[in-house]
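Scroll down for the structure; my scribbles are underneath it.
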Amino acid sequence: MNSYNHYRFCIFGVHLFIFFLSLSSPVFAKAYFENIENDAALKNKISEEKFILINGIEQWVTIKGESSKPIILFLHGGPGSPISPYSDNLYKNWEKDFIIVQWDQRGTGKTFGRYAPEELTPEYLKANPLTLDLMTNDGIALSEYLLKHLGKQKIILFGTSWGSALGVKIVTKRPDLFYAYVGHSQIVNPKIDVEFYNTVYKMAEEKKDKDALETLNKIGLPPYDRAQKVGQLFKILKKYEKANSIPAPESWFVVSPDYDNAKDNLNRSDGDDYSFVNYTGDGKLGVQSMSASINLMKDNLDFKVPVYLIQGKEDILTPKEKTKAYFDKLKAPKKKYYLLPKTAHGFNKSVLKTQIKIFKSIKTL
């Protein structure tokens, strides 16, 4: 017998010995077969963090989970507020049941950093506009890439806040790519009008909030032609939302070590500013408003996939009255509305609990 065949014979003998030992020892058998299962799980594990070329620019995407499971593509809010630095805190435990995909959208986080200017100037803002159509096409291109790359038929699409407006645009334009759409803090028509202003003003009066009233009087009634004024209004309403809702655990929004460095922190901050100005528009800077082009009640009522909306009862920015009216009017093969008490515009335990409940209920192949 040559040395190679002798080696194969010895290996076979070892495996045979282990197999018979497992039959006679239940404890050994359990450990042996658990090791086999763990090895198989590791082989099926996906963990990718990389830039992907999407419609002419490289964009940051993370893909983590079990290769045999369905894909969930998350669309962050802001725009300019990526989930990727916090994804492990929020969704690590879900990776055994789903493939979790986070995407730093055009103008956000690491994607913004890939092409970031030395200084975020008015000239840069004017020369590099964001549009809803452009970002919708980015989302479709990414979805097509994911299906091909991961060998899947369809995706579950989730959008929060700004991402919910983007999600509706994507899923109604290309329903063939998706199993279902799940919207959280669903944007319908984000126009900041006098009624919206008066709602916040009344809250400030009831709370005898002198600082807020001073700011509201200073910025005056909408419409606003400066992004800074919108930001000041949003800061006040976020304070009131926080006071009336159960917050997320502090550990959820601790930046992952991979993203906690001077360069990434600066890119997230500048990207947030850049995206927000594009969202609200700014007359002095010559930047058109993306939000002005959004009216889902008028443009996006027909869905070819199931729709699930998650709404916080204490949400002021996207109030329950607007999202419920939109939900009641939209048409879909299946639809369901979740109104969560003590919940505002952002994430908390109730939101994530509802997310996983919905995701696990969606029928996938």
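Only residues that are surrounded by fewer than 17 Cβ atoms within 10 Å (Cβ to Cβ), out of contact with any strand residue (DSSP E or B) (no Cβ under 7 Å at 6 or more places or on another chain) and either basic (Lys, Arg) or part of a helix (DSSP H, G or I) (or both) were counted in segment 112-126, giving 3.
Scan segment 348-356 and tell me whether some residue there is buried (at least 19 other Cβ atoms within 10 Å of the Cβ) and either in contact with a Gly (Cβ under 6 Å, 6 or more places away or on another chain) or of a type in the set (Phe, Trp, Tyr) (or both). Looking through segment 348-356, none of the residues is buried (at least 19 other Cβ atoms within 10 Å of the Cβ) and either in contact with a Gly (Cβ under 6 Å, 6 or more places away or on another chain) or of a type in the set (Phe, Trp, Tyr) (or both).
PRO129 - would you say it is open to solvent by 40 Å² or more (accessible area, probe 1.4 Å) and outside any helix (DSSP H, G or I)? It is true that PRO129 is open to solvent by 40 Å² or more (accessible area, probe 1.4 Å) and outside any helix (DSSP H, G or I). I'd like to know if segment 194-205 contains one or more residues that are outside any helix (DSSP H, G or I), without any contact (Cβ under 8 Å) to a residue 24 or more places away in the chain and exposed (fewer than 15 other Cβ atoms within 10 Å of the Cβ). No - not one qualifying residue is present in segment 194-205.
Regarding ASP315, is this residue farther than 25 Å from ASN89 by Cβ, surrounded by 14 or more Cβ atoms within 10 Å (Cβ to Cβ) and acidic (Asp, Glu)?
Taking the combined requirement at face value, the residue does not satisfy it.
Each residue in segment 78-104 was checked for being surrounded by fewer than 24 Cβ atoms within 10 Å (Cβ to Cβ), among the small types (Gly, Ala, Ser) and in a loop (DSSP other than H, G, I, E, B), and 1 pass. If you go through segment 240-255 and keep only what is farther than 24 Å from LYS208 by Cβ, open to solvent by 60 Å² or more (accessible area, probe 1.4 Å) and not hydroxyl-bearing (Ser, Thr, Tyr), you end up with ILE246, GLU250, PHE253, VAL254.
Being in a helix (DSSP H, G or I), under 26 Å from LEU75 (Cβ atoms), over 18 Å from the mean Cα position of the chain (by Cα) and not polar (S, T, N, Q) is the requirement here; does ASP264 meet it? In short, yes.
Could you pull out the residue among GLY107, GLY167, GLY159 that is surrounded by 21 or more Cβ atoms within 10 Å (Cβ to Cβ), in contact with a Gly (Cβ under 8 Å, 6 or more places away or on another chain), part of a strand (DSSP E or B) and not hydrophobic (A, V, I, L, M, F, W, C)?
GLY159
Within segment 281-301, which residues are open to solvent by 40 Å² or more (accessible area, probe 1.4 Å) and not in a loop (DSSP other than H, G, I, E, B)? The answer is ALA292, SER293, MET297, LYS298, ASP299. Checking each residue in segment 318-343 for being among the hydrophobic types (A, V, I, L, M, F, W, C) and either open to solvent by 10 Å² or more (accessible area, probe 1.4 Å) or part of a helix (DSSP H, G or I) (or both) picks out ALA325, PHE327, ALA332, LEU339, LEU340.
GLY183 falls short of the stated requirement of being at pLDDT 95 or above, small (Gly, Ala, Ser), assigned to a helix (DSSP H, G or I) and within 27 Å of LYS349 (Cα to Cα). Restricted to segment 302-312, and to residues there that are touching a Lys or Arg at 6+ places or on another chain (Cβ under 8 Å) and surrounded by fewer than 21 Cβ atoms within 10 Å (Cβ to Cβ), the residue that is nearest to GLY346 (Cα to Cα) is PRO306.
Considering segment 56-77, the residues that are over 16 Å from LYS148 (Cα atoms) and not in a strand (DSSP E or B) include one that is most open to solvent (accessible area, probe 1.4 Å), namely GLY56.
Taking the criterion of being surrounded by 14 or more Cβ atoms within 10 Å (Cβ to Cβ) and either assigned to a helix (DSSP H, G or I) or without any contact (Cβ under 8 Å) to a residue 24 or more places away in the chain (or both), the residues of segment 210-227 that qualify are ALA212, LEU213, THR215, LEU216, ILE219, ALA227. Cβ-Cβ distances below 8 Å connect the following pairs, each with a first residue in segment 318-342 that is of a type in the set (Lys, Arg), a second residue that is open to solvent by 70 Å² or more (accessible area, probe 1.4 Å) and modelled with pLDDT of 95 or more, and a separation of six or more residues or different chains: LYS320/LYS313; LYS320/LEU339; LYS324/LEU339; LYS331/ASP302; LYS342/ILE246; LYS342/LYS313.
The values are calculated or read from the model by the stated rules, or taken from the named source; none is laboratory data. Predicted, not measured: the structure shown is a model, and the values here were computed from it. Cβ: placed from backbone, ideal geometry, glycine included. Neighbour counts: every protein chain shown. Please note that ligands, DNA and RNA were not included when accessible areas were found on the heavy atoms of the full protein model with its side chains. Shrake-Rupley method; radii C 1.70, N 1.55, O 1.52, S 1.80 Å.
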